[in-house]
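Asks: A single structure is presented below for examination.
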Protein chains: 2
Amino acid sequence: MKRKLTLKLIAKELDVSISTVSKALRDSAEISEDTRQKIKAFAKLYNYKPNNIALSLKNRKTRTIGIIIPQIVHHFFTTVIRGVEQMAREHNYNVIICLSNNDFEKEVMNMELLANGSTDGFILSLAKETMQKNDFHHLTEAIDQGMPVVQFDRVVDGIPSDKVLVDDREGAKMGVTHLLKTGCRKIAIITTEDYVTVGKLRTKGYIEALESYDIRVDKDLILKLDNIDSCDDQCIAKIKHFLKGKDIDGVFTINELFAVEASKALHTNGKSIPADVSIVCFSDGDLSKYATPSLTTVSQHGEQMGRRAAELLINKLEGPEVEVEEYTTSYINTSLIERESTRKVK
Amino acid sequence: MKRKLTLKLIAKELDVSISTVSKALRDSAEISEDTRQKIKAFAKLYNYKPNNIALSLKNRKTRTIGIIIPQIVHHFFTTVIRGVEQMAREHNYNVIICLSNNDFEKEVMNMELLANGSTDGFILSLAKETMQKNDFHHLTEAIDQGMPVVQFDRVVDGIPSDKVLVDDREGAKMGVTHLLKTGCRKIAIITTEDYVTVGKLRTKGYIEALESYDIRVDKDLILKLDNIDSCDDQCIAKIKHFLKGKDIDGVFTINELFAVEASKALHTNGKSIPADVSIVCFSDGDLSKYATPSLTTVSQHGEQMGRRAAELLINKLEGPEVEVEEYTTSYINTSLIERESTRKVK
């Protein structure tokens with residue numbers, strides 16, 4: 001079988017990263033002259049066509065939207081997909097989904113795959129590794145070649161694209177303020193490392209809520225985890241260790257999984273929820289609804305985010321050609337869903 | 001913008017169903033001569049190419065696998081996807097996912113979309129509506145044109161394709177037998193209508209388990225619901241009504257959602273689980289794990305199903321051309337995961 005030459009194959013053949021190949025082919029100064037020449041010669045020899053994206057765009061419209069997301073075991077992403085599907089259907093578009101598994105190379109490959117004539121544009125939430133690496137050349141490249149991109153939830157600034165976000169800072173502030181209103185004063189947070197934008201912003205909201213009540217922020221009450229879409233044994237152990245013997249009356253977590261594990265750990269420590277310790281988490285999925293006690297959450301309204309992202313993309317695809325492109329950042333309002341893990345506001 | 005002529009557009013233009021267009025274009029006797037001529041003339045006039053699947057196959061390999069599933073809010077399907085992704089990655093294949101939303105037309109469109117040069121073959125679980133309609137021409141068509149298909153979980157017989165299944169009958173029998181072993185004798189089942197193969201087979205396993213204990217099957221203890229991947233207010237009401245005042249000591253459900261709702265309804269009725277009524281459900285996801293009490297389940301091992309489905313497809317894609325095609329049906333073993341909703345076997 002004759003293999004189609006892809007960035008990946010070139011990278012493998014020349015023993016460099018996909019990112020290096022991609023940058024070399026568009027003459028990035030980040031790559032040494034020598035490496036650039038080598039890669040370009042190889043690509044030419046085997047007739048690699050870096051401009052197939054642009055070509056396909058000129059020749060036809062696919063009426064298909066590509067979604068690239070970190071993973072789908074996460075309930076939030078499945079609701080976003082539902083929203084995209086709805087809006088796409090209303091406008092007679094198809095939807096294709098690819099998963100990056102939070103892996104940078106897989107995300108780059110997905111974009112290459114879908115941009116290759118299968119789709120008209122992308123809706124994208126960044127892989128964890130992409131945020132860590134801080135390498136977004138694949139986005140820039142697709143956009144440069146005329147594929148519109150709408151980013152949502154896990155986004156990067158400085159890329160010419162529409163964005164759909166919740167106000168993570170405000171949402172977290174609302175959640176923590178609810179804990180404060182019910183009388184909690186010693187509130188811990190379980191969040192992610194700062195390279196995950198949503199984690200960073202939600203931590204900021206937590207701090208602002210405390211400050212508005214004149215409560216000193218105690219670094220010992222902040223747990224930053226490297227996990228984001230899962231909580232493995234190591235993650236569970238860290239949460240247990242963090243909560244053990246802590247003098248707290250409230251916990252705010254930036255996702256459902258952390259909250260469920262925190263709830264279990266507190267229960268094991270003999271704490272009653274919400275009487276001894278109250279819990280609020282971010283993101284409204286099945287887990288917080290069916291957990292015992294059910295969890296008070298800051299709902300992200302994923303379906304609405306998906307609908308808005310698809311709408312923005314379709315507007316770009318069907319709008320007239322313009323001299324100056326303009327980009328929209330849409331904020332979807334969060335709302336508080338009160339359940340059993342918090343006391344009533346007096 | 002010039003629109004690409006699709007089955008859907010032809011159907012819309014001529015005010016017939018997509019299925020009719022598709023059948024007419026391959027001269028099916030099911031469609032009247034008159035309608036056939038009309039559709040073929042229209043397709044010819046606008047240069048519709050029904051054979052683009054075959055063409056694309058001859059010209060190139062995409063090294064991409066298409067997955068078409070009913071939906072992804074269902075934890076089982078997300079685990080299958082994880083398995084497919086793993087195996088695909090090990091063999092250097094990409095994966096593209098499309099959702100049918102349990103809708104027949106959407107499933108047909110997805111196949112048309114992905115077969116159109118984007119993928120080398122399919123992994124598919126049928127939409128609820130497709131099973132209801134009993135119309136599988138789109139599968140036959142893709143297979144006739146050289147796209148291998150692997151069906152899993154919700155499948156139809158009589159189509160030349162590999163299949164990956166769990167033994168639903170045996171799995172259900174194991175689950176119900178576990179209830180019997182723990183002393184339950186009046187066991188109800190909450191299942192689906194018979195057109196859903198998995199529901200039908202699991203009901204059969206339930207009956208066989210009872211019969212092996214010489215227990216008469218009581219039709220009043222069988223609830224067949226039209227729902228499959230969701231349980232809306234109406235579905236919840238039916239479960240509540242069904243369980244109200246019933247003299248039972250065990251419940252077997254064919255999915256997690258029914259079990260969670262049954263558990264809540266029994267709790268409301270003042271029943272203690274598992275002391276008064278024990279519960280076993282099919283399908284092992286987050287809900288059964290995090291529910292209170294946590295639920296004993298028959299695990300389907302979705303990840304393994306996905307890995308096997310991808311393996312079968314890749315074997316077909318990379319195997320030599322053969323005179324006589326042979327098809328494999330793989331059964332993945334189920335296993336019982338004991339949790340809090342059942343008593344210990346004495």
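None of the figures in this text is laboratory data; all of them are computed from the coordinates on show. This structure is a prediction, so every number in the text was calculated from the model and none was measured. Every residue, glycine as well, gets a Cβ built from its backbone with ideal geometry; the counts of neighbours run over all protein chains shown.
Asks: How shielded is A:284-294 by partner chains, expressed as the average number of their Cβ atoms within 10 Å of its Cβ atoms?
Replies: The shielding value for this peptide is 4.
Asks: Moving to a separate point now. What percentage of all Cα-Cα pairs in segment A:168-300 are separated by more than 20 Å?
Replies: On the way: 3166 of 8778 pairs.
For segment A:168-300, the fraction of Cα-Cα distances above 20 Å is 36 percent.
Asks: Between residue B:244 and residue B:186, with labels modelled 7 Å along Cα→Cβ, what's the label distance in nm to one decimal, could you check?
Replies: Reported label-point gap for residue B:244 and residue B:186 is 1.8 nm.
Asks: Additional query: Along the positive direction of the dipole of the protein assembly as shown (beta-carbon charges: Lys, Arg +1; Asp, Glu -1; about the Cα centre), which of B:225, B:79, A:243 reaches farthest?
Replies: Ranked along the dipole, the leading option is A:243.
Asks: Once amide H atoms are placed 1.01 Å from N in the peptide plane, what residues at a sequence separation of 5 or more from residue B:166, or on another chain, have their amide H within under 5 Å of its amide H?
Replies: Distant-sequence amide H within range of residue B:166: B:153, B:332.
Asks: Report Rg (one decimal) and Dmax (nearest whole number) for segment B:65-110, counting Cα atoms only, units Å.
Replies: 11.3, 33
Asks: Roughly what % of Cα-Cα distances in chain B sit above 25 Å, to the whole percent? Each step should come with its number before you reach the end.
Replies: Working: 33415 of 59685 pairs.
Value for chain B (Cα pairs over 25 Å): 56 percent.
Asks: In segment B:172-207, which trypsin sites (Lys or Arg not before Pro) fall in coil by DSSP and have 16 or fewer other Cβ atoms within 10 Å?
Replies: For trypsin sites (Lys or Arg not before Pro) across segment B:172-207 that sit outside H, G, I, E and B with at most 16 neighbouring Cβ atoms in 10 Å, the list reads B:185, B:186.
Asks: Tell me, how many Å apart are the Cα centres for segment B:129-167 and for segment A:63-111?
Replies: Using only Cα atoms to place each centre, the spacing works out to 25 Å.
Asks: Computed FRET efficiency, Cβ-Cβ of residue B:212 and residue B:12, R0 45 Å: what is it to the nearest 0.05?
Replies: Efficiency for this residue pair is about 0.25.
Asks: Further question: Can you give me the Rg/Rh ratio for segment B:116-175, using Cα atoms for both radii and the Kirkwood formula for Rh?
Replies: 1.04
Asks: For the protein assembly as shown, what does the convex hull of the Cα positions come to per residue, in cubic angstrom?
Replies: Spread over its residues, the Cα hull of the protein assembly as shown gives 186 Å³ apiece.
Asks: Could you give the angle, 0 to 90 degrees to the nearest 10, between helix A:33-45's Cα long axis and the longest principal axis of the Cα atoms of chain A?
Replies: With rounding to tens, the tilt is 60 degrees.
Asks: Of the DSSP beta bridges with both residues in the protein assembly as shown, give the percent that are antiparallel, rounding to the nearest 5.
Replies: In the protein assembly as shown, approximately 10 percent of DSSP beta bridges are antiparallel ones.
Asks: Let me ask another. Indicate, rounded to the nearest 5 percent, the antiparallel portion of the DSSP beta bridges found entirely in chain A.
Replies: That works out to approximately 10 percent antiparallel.
Asks: Per residue and in Å³, how big is the convex hull formed by the alpha-carbon atoms of segment B:192-267?
Replies: Values: hull volume 6.8 nm³, N = 76.
It comes to 89 Å³ per residue, whole-number rounded.
Asks: On to the next question. I want to verify a result. In a Gaussian network model of chain B, Cα cutoff 10 Å, which of these has the top mean-square fluctuation: B:78, B:64, B:328?
Replies: Largest GNM mean-square fluctuation: B:328.
Asks: At 7 Å along Cα-to-Cβ for each site, give me the label-to-label distance between residue B:133 and residue B:292 in nm.
Replies: It is 4.5 nm.
Asks: Right, something else. Shortest first and in nm with one decimal, please list how far the residue A:232 label point sits from its counterparts in the other copies (point 7 Å along Cα→Cβ).
Replies: 4.1
Asks: In nm to one decimal, list the spacings between the residue A:89 label point and its equivalents in the other copies, with label points set 7 Å along Cα to Cβ, shortest first.
Replies: With the label placed 7 Å along Cα→Cβ, residue A:89 yields 3.1 nm.
Asks: Nearest 10 degrees, 0 to 90: what angle lies between the long axis of helix B:233-243 and the longest principal axis of chain B (Cα atoms)?
Replies: The angle comes out near 40 degrees.
Asks: Measure nothing fancy, just the Cα-based angle from helix A:75-90's long axis to the longest principal axis of chain A, in degrees from 0 to 90, nearest 10.
Replies: That works out to roughly 50 degrees.
Asks: What ranking of B:224, A:23 emerges when the number of other C-beta atoms within 10 Å of each C-beta is taken as an exposure proxy, fewest first?
Replies: Ordered from fewest to most neighbouring Cβ atoms within 10 Å, B:224, A:23 come out as B:224, A:23.
Asks: Further, regarding this structure: So, in Å, what gap is there between the alpha-carbon centers of segment A:222-236 and segment A:171-201?
Replies: 16 Å
Asks: Please arrange A:331, A:206 by counting, for each residue, the other beta carbons lying within 10 Å of its beta carbon, fewest first.
Replies: The fewest-first ordering by Cβ neighbours comes to A:331, A:206.
Asks: Sticking with this structure for a sec: Taking H as built 1.01 Å from N, whose amide H comes closer than 5 Å to the amide H of residue A:253, not counting residues under 5 places away?
Replies: Under 5 Å from the amide H of residue A:253 lie the amide H atoms of A:190, A:280, A:281, A:282, each far enough along the sequence or on another chain.
Asks: For residue B:329, which sequence-distant residues (separation of 5 or more, or a different chain) have an amide H within less than 5 Å of its own amide H, given hydrogens modelled in the peptide plane?
Replies: It is B:163, by chain and number.
Asks: Here is a further query. How big is the Kirkwood radius of segment A:143-240, worked out from every pair of different alpha carbons and given in Å to one decimal?
Replies: 15.2 Å
Asks: With θ set to phi - 60°, apply the Karplus curve 6.51 cos²θ - 1.76 cosθ + 1.60 along segment B:172-184 and write out the HN-Hα couplings as whole Hz, x wherever there is a Gly or Pro.
Replies: 5, 4, 4, x, 5, 4, 4, 4, 4, 4, 7, x, 5
Asks: Other chains near B:92-101: what is the mean number of their Cβ atoms within 10 Å of each residue's Cβ?
Replies: 5
Asks: Let me know the Rg and Dmax you get for segment A:75-218 when you use only its Cα atoms, in Å.
Replies: 18.2, 57
Asks: In this model, which of A:344/B:264; A:173/B:128; A:163/A:240; A:12/B:106; A:200/A:244; A:271/B:264 are farther than 32 Å apart at the alpha-carbon?
Replies: Details: A:344/B:264 23 Å; A:173/B:128 43 Å; A:163/A:240 36 Å; A:12/B:106 38 Å; A:200/A:244 24 Å; A:271/B:264 24 Å.
Among A:344/B:264; A:173/B:128; A:163/A:240; A:12/B:106; A:200/A:244; A:271/B:264, the Cα-Cα distance tops 32 Å for A:173/B:128; A:163/A:240; A:12/B:106.
Asks: Quickly estimate the mean residue ellipticity at 222 nm for the protein assembly as shown, helices only: each DSSP H run with n ≥ 4 gives -39500 (n - 2.57), and the total goes over all residues, rounded to 500.
Replies: Working: 28 runs with 310 residues, N = 692.
Here the helix-only value at 222 nm equals -13500 deg cm²/dmol.
Asks: Residue-wise, which Karplus ³J(HN,Hα) couplings in Hz belong to segment A:322-331, taking 6.51 cos²θ - 1.76 cosθ + 1.60, θ = phi - 60°, and x for glycine or proline?
Replies: For segment A:322-331, the Karplus curve yields 10, 6, 10, 6, 10, 10, 9, 10, 9, 9 Hz.
Asks: Separate question: Please flag any cysteine in the protein assembly as shown that has no other cysteine's Cβ under 4.7 angstrom from its own Cβ.
Replies: A:98, A:184, A:281, B:98, B:184, B:281
Asks: When a footprinting reagent is the concern and you count Cβ atoms within 10 Å, what order do A:292, B:62 take, fewest first?
Replies: A:292, B:62
Asks: Also, I was wondering about something else. Please report, to one decimal in angstroms, the Kirkwood hydrodynamic radius of segment B:231-331 built from all distinct Cα-Cα pairs.
Replies: That comes to 16.2 Å for segment B:231-331.
Asks: For segment B:7-49, just the Cα set please: Rg and Dmax, both in angstrom.
Replies: For segment B:7-49, the Cα-based Rg and Dmax read 8.9, 24 Å.
Asks: Would you mind listing the distances between the residue A:186 label point and the same position in each other copy? Use 7 Å along Cα-to-C-beta, nm, one decimal, shortest first.
Replies: Once sorted, the set of distances for residue A:186 reads 5.1 nm.
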